[in-house]
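J.: Just passing along the structure, written as structure tokens.
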Amino acid sequence: MSTGFVDLHCHSTASDGVLTPTQVVELAKRSNLSALALTDHDTVAGVGEAASAAGSLGLDFIAGIEISAEYPSPGTMHILGYGVDPENPQLKSLTAELIAGRDNRNPRIVAKLNELGVAVTMKEWEDEAKGSVLGRPHLAAILHRKGYVSSIKQAFDKYIGQGAPAYFDKERLTPRQAIERIRASGGVPVLAHPIQLRTENDAQLERVVKDLLDLGLAGLEVIHSDHDAALVERYTQLADRFGLIKTGGSDFHGSNKPNIELGLARGRRIPREFYERLIEKHATQQQQAPVRA
Ligand code: AMP
Ligand code: ZN
Ligand code: FE
Ligand code: FE
């Protein structure tokens, strides 16, 4: 019997979250969650610490990562990889490439902001990120603190979000590469927050999901803070129809995303069953295609 609730999508200071991996796990415990996945952008630097904190507190834990794939604007495609092995050499080279893609992009954002009269430096961004993966929410926090904008959201709308003047894309993997490389790293690939694809209708969404399925996609994130009840229902049906596992998470980032609470996605909790099916899928996938070191 699976009882209780989980959160399978959250960020720590290893990427652009505000709480350390240990603090995220402690909060999960206080929020009465029974399992957690940490899904930082482009890195697994936090999962070791989170796993040991979870072990001490008696919380189930699965490692995760969230990576961006190429997708036509204005949509975005994020793929989650669950159960990746941090020691896997393929994963290490994957994260190194993803971070190199950011290192290419970030100075361009700062240069453009300077041109627009916003005084900010790479050094300030690096200090804000405290040695972790540099994300735009860190930069948004600096712009907010310096009074250029009145909120993190406004920093994106006015300066660094898609369509804004200081927006620059980072090099991305194709969806095929993202899925293949997650699988090669021992991970279960899951399409994150399908709403953010901004597909125009059900038929288009189905085509995208079907294509990803052919590439090896294993699951769909049906519960997410961006999904209202109707969307949860629609994505649930889609997952069931295609034989994809269902996952869910809040996409908690701490105060970088002030409206999101750990364990809650638009007021909805995430059933533990999602975690259990994910673990099963991970185990079967490992048996089917043992990962070579
Ligand atoms: P990056 O990985 O550096 O490109 O930054 C991605 C992060 O920025 C993710 O946490 C996104 O949710 C966040 N983000 C992207 N667009 C917006 C926006 N318009 N408002 C708030 N956060 C955003
Ligand atoms: Zn983030
Ligand atoms: Fe995402
Ligand atoms: Fe996320």
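J.: When you scan the range 57-69, do you find a residue that is more than 14 Å from ligand 1 (Cβ to nearest atom) and of a type in the set (D, E, K, R), even just one?
T.: Just the residues of the range 57-69 that are more than 14 Å from ligand 1 (Cβ to nearest atom), to begin with: 57-64.
Cutting the leftovers down to of a type in the set (D, E, K, R) gives us 60.
Yes, some residue in the range 57-69 is more than 14 Å from ligand 1 (Cβ to nearest atom) and of a type in the set (D, E, K, R).
J.: A follow-up question, please. Quick check, is residue 133 part of a loop (DSSP other than H, G, I, E, B), more than 14 Å from ligand 1 (Cβ to nearest atom) and crowded, with 21+ Cβ neighbours inside 10 Å? Steps first, please.
T.: On the way: part of a loop (DSSP other than H, G, I, E, B): yes; more than 14 Å from ligand 1 (Cβ to nearest atom): no; crowded, with 21+ Cβ neighbours inside 10 Å: yes.
The answer is no for residue 133.
J.: So in the range 74-128, with the set limited to residues that are among the charged types (D, E, K, R) and within 16 Å of ligand 2 (Cβ to nearest atom), which one is surrounded by the most Cβ atoms within 10 Å (Cβ to Cβ)?
T.: Step one: of the range 74-128, the residues among the charged types (D, E, K, R) are 85, 87, 92, 97, 102-103, 105, 108, 112, 115, 123-124, 126-128.
Okay, now just the ones that are also within 16 Å of ligand 2 (Cβ to nearest atom), so 102, 105, 128.
Details: 102: 16, 105: 16, 128: 19.
If we take residues in the range 74-128 being among the charged types (D, E, K, R) and within 16 Å of ligand 2 (Cβ to nearest atom), then 128 is surrounded by the most Cβ atoms within 10 Å (Cβ to Cβ).
This table checks each residue for (1) in contact (Cβ under 8 Å) with a residue 40 or more places away in the chain; (2) touching a Lys or Arg at 6+ places or on another chain (Cβ under 9 Å); (3) within 16 Å of ligand 3 (Cβ to nearest atom); (4) farther than 19 Å from residue 264 by Cβ.
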| site | (1), (2), (3), (4) |
| --- | --- |
| 23 | no, no, no, no |
| 34 | yes, yes, no, no |
| 51 | no, no, no, yes |
| 64 | yes, no, yes, no |
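J.: Condition first: part of a strand (DSSP E or B) and hydroxyl-bearing (Ser, Thr, Tyr). Now tell me which residues in the range 65-105 satisfy that. Don't jump to the end; show me each part of the working.
T.: Of all residues in the range 65-105, those part of a strand (DSSP E or B) come to 65-69, 77-82.
Matches in the range 65-105: 68, 82.
J.: Still on this structure, please answer the following. Among the residues of the range 246-264, are any farther than 21 Å from residue 15 by Cα, in a loop (DSSP other than H, G, I, E, B) and not charged (D, E, K, R)?
T.: Looking through the range 246-264, none of the residues is farther than 21 Å from residue 15 by Cα, in a loop (DSSP other than H, G, I, E, B) and not charged (D, E, K, R).
Each row is one residue, and each column tells you yes or no for (1) over 24 Å from residue 144 (Cβ atoms); (2) aliphatic (A, V, I, L, M); (3) touching a residue at least 40 places away in the same chain (Cβ under 8 Å).
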{"residue": "215", "(1), (2), (3)": "yes, yes, yes"}
{"residue": "223", "(1), (2), (3)": "yes, yes, yes"}
{"residue": "232", "(1), (2), (3)": "yes, yes, no"}
{"residue": "235", "(1), (2), (3)": "yes, no, yes"}
{"residue": "241", "(1), (2), (3)": "yes, no, no"}
{"residue": "245", "(1), (2), (3)": "yes, yes, yes"}
{"residue": "258", "(1), (2), (3)": "no, no, yes"}
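J.: Hey, another quick one. Return the pairs, sorted by first residue and then second, in which the second residue is of a type in the set (Phe, Trp, Tyr), the first residue lies in the range 80-109 and is in contact (Cβ under 8 Å) with a residue 60 or more places away in the chain, the beta carbons are less than 7 Å apart, and the residues are 6+ apart or on different chains.
T.: Filtered contacts from the range 80-109: 105/168; 108/168.
J.: Among the residues of the range 87-97, is any touching a helix residue (DSSP H, G or I) at 6+ places or on another chain (Cβ under 9 Å) and β-branched (Val, Ile, Thr)?
T.: Scanning the range 87-97 turns up no residue that is touching a helix residue (DSSP H, G or I) at 6+ places or on another chain (Cβ under 9 Å) and β-branched (Val, Ile, Thr).
Each reported figure results from applying straightforward, stated rules to the coordinates on display, with no laboratory input. Predicted, not measured: the structure shown is a model, and the values here were computed from it. Backbone-built Cβ (ideal geometry, glycine too); neighbour counts: all protein chains shown.
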